[in-house]
Amino acid sequence: MTTPFKLYYTPTSCGAANFLAATIGDLAFDSETVDLRTHKTKSGTDYYTINPKGNVPTIVFPDGSILNENVATLTYLADKGNAGLAPKEGSQERYAYLNDVGFVASELHPAYGALFNPNLTPELREAATNNARRRVDKLVGLLDGGKKPFLNGKSLSAADLYAFIVLGWSKSLGVNIPPAAQAYVDGISKLDKVTKAKAAMASASA
Ligand SMILES: N[C@@H](CCC(=O)N[C@@H](CS)C(=O)NCC(=O)O)C(=O)O
C-alpha cells in the first residue's frame with residue numbers, strides 16, 4: 001500500500017459516504033469496491049479476510065489495522081481531510097457532530113437497513129417503513145423543520161454525507177420522505193464538491 005490507507009466500499013451503500021468524505025477532504029487513498037452479496041472484493045478476495053464483520057466501510061491501514069464502523073471511519077476521514085467535515089477535537093461543536101453522526105449510525109441507517117431484507121412479510125415491511133419514516137421525521141427535527149441546510153446549521157459535515165447516502169435509498173426502498181428531507185438531500189447533491197466527489201467515485205467504481 002503506497003497511500004495512508006485503503007477504503008473498501010460500494011458506490012451505493014453507506015461506504016459511499018466515506019468515499020465522498022475522503023475525496024472532498026482531498027485525501028490520497030486506495031480504494032476497492034466490494035460485492036456485498038458474495039462478500040468478494042472486486043479483485044476476487046474473500047472480504048471476510050479483510051473485515052471479519054463483512055460490512056462496508058472498511059479502512060485498512062498499512063500496519064494491517066482496520067476501522068469498520070461509520071462513526072469511526074467518517075470521523076477519521078473528516079479529521080485527516082482539509083474540508084472541515086468534523087469540528088476540532090475537544091470543542092463543543094465536536095460533541096454536537098458526534099451526536100449527529102451517532103444518530104445517523106444508530107437510528108436512521110439501521111431503520112433503512114431493515115428494509116433491505118427481502119424476506120419481510122408485507123406487515124413487517126409496512127412496520128419497518130413506518131419506522132424509517134419516523135427516523136426521517138427526527139432528522140427533519142434536527143434540521144429545524146428544514147430551516148437548516150446542514151445538521152450543524154452552518155456547513156457540510158461527515159454526518160450530512162452519511163445521512164445524504166441513507167436518504168438516497170428512500171425511493172428504491174419505498175420510504176416516502178417529507179419535502180424538507182428531500183430539500184436537504186437536493187441541497188447536498190447540488191454542492192459542487194459533492195458533485196465532483198460523486199463523479200470521482202463513479203470513475204473509481206467503474
Ligand atoms: N455497524 C456498521 C454497519 C455498516 C453497514 O450496515 N454496512 C452495510 C452497507 S450500508 C453492509 O456492509 N451490509 C452488508 C453486510 O454487513 O454484510 C456501521 O454502523 O458502520
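The values are calculated or read from the model by the stated rules, or taken from the named source; none is laboratory data. Bear in mind the structure is a predicted one, so any value in this text is a computation, not a measurement. With ideal geometry, Cβ positions are generated from the backbone for all residues, glycine too; neighbour counts draw on all protein chains shown. Note: areas computed on protein heavy atoms with side chains; ligands, DNA, RNA excluded. Shrake-Rupley method; radii C 1.70, N 1.55, O 1.52, S 1.80 Å.
The table that follows gives values for the structure above.
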{"quantity": "Reachable aspartates and glutamates, given that their alpha-carbon falls under 12 Å from the alpha-carbon of residue 193 and they are not under 8 places away in the same chain", "calculated": "26"}
{"quantity": "12 Å beta-carbon shell around residue 155, net charge (K/R +1, D/E -1)", "calculated": "+1"}
{"quantity": "Radius ratio Rg over Rh of the stretch 92-191, counting only Cα atoms, Kirkwood formula for Rh", "calculated": "0.98"}
{"quantity": "Surface accessible to a 1.4 Å probe, residue 3 within the full protein complex, Å²", "calculated": "30 Å²"}
{"quantity": "Accessible area (Å², per residue) of the stretch 92-191, counting only protein heavy atoms and a probe of 1.4 Å", "calculated": "50 Å²"}
{"quantity": "Charge dipole of the chain about the Cα centre (unit charges at C-beta), most positive-ward option of 15, 33, 122", "calculated": "122"}
{"quantity": "Debye, to nearest 20: dipole size of the stretch 27-83, +1 on Lys, Arg Cβ, -1 on Asp, Glu Cβ", "calculated": "160 debye"}
{"quantity": "Ellipticity estimate at 222 nm from DSSP helix runs (n ≥ 4, -39,500 (n - 2.57)) divided over the chain, nearest 500", "calculated": "-14500 deg cm²/dmol"}
{"quantity": "Cα-based equivalent ellipsoid of the chain: semi-axis lengths in Å, sorted from largest, via gyration tensor", "calculated": "26, 22, 15"}
{"quantity": "The stretch 1-79 and the stretch 137-203: distance between their alpha carbon centers, rounded to Å", "calculated": "21 Å"}
{"quantity": "Residue of 79, 100, 46 that the Gaussian network model of the chain assigns the largest fluctuation, springs spanning Cα pairs under 10 Å", "calculated": "46"}
{"quantity": "Surface share of carbon and sulfur [accessible, 1.4 angstrom probe, percent] for the stretch 92-191", "calculated": "55 percent"}
{"quantity": "Highest to lowest packing among 160-173, 7-20, 108-121, scored as the average C-beta count within 10 Å", "calculated": "7-20, 160-173, 108-121"}
{"quantity": "DSSP-loop GluC sites (Glu not before Pro) across the stretch 87-149, with at most 12 other Cβ within 10 angstrom", "calculated": "89"}
{"quantity": "Loop-resident sites, the stretch 81-129, for trypsin sites (Lys or Arg not before Pro), counting at most 14 other Cβ within 10 Å (DSSP)", "calculated": "88"}
{"quantity": "Net length gained if the chain between residue 189 and residue 91 were fully extended (0.36 nm per residue, minus Cα distance)", "calculated": "32.5 nm"}
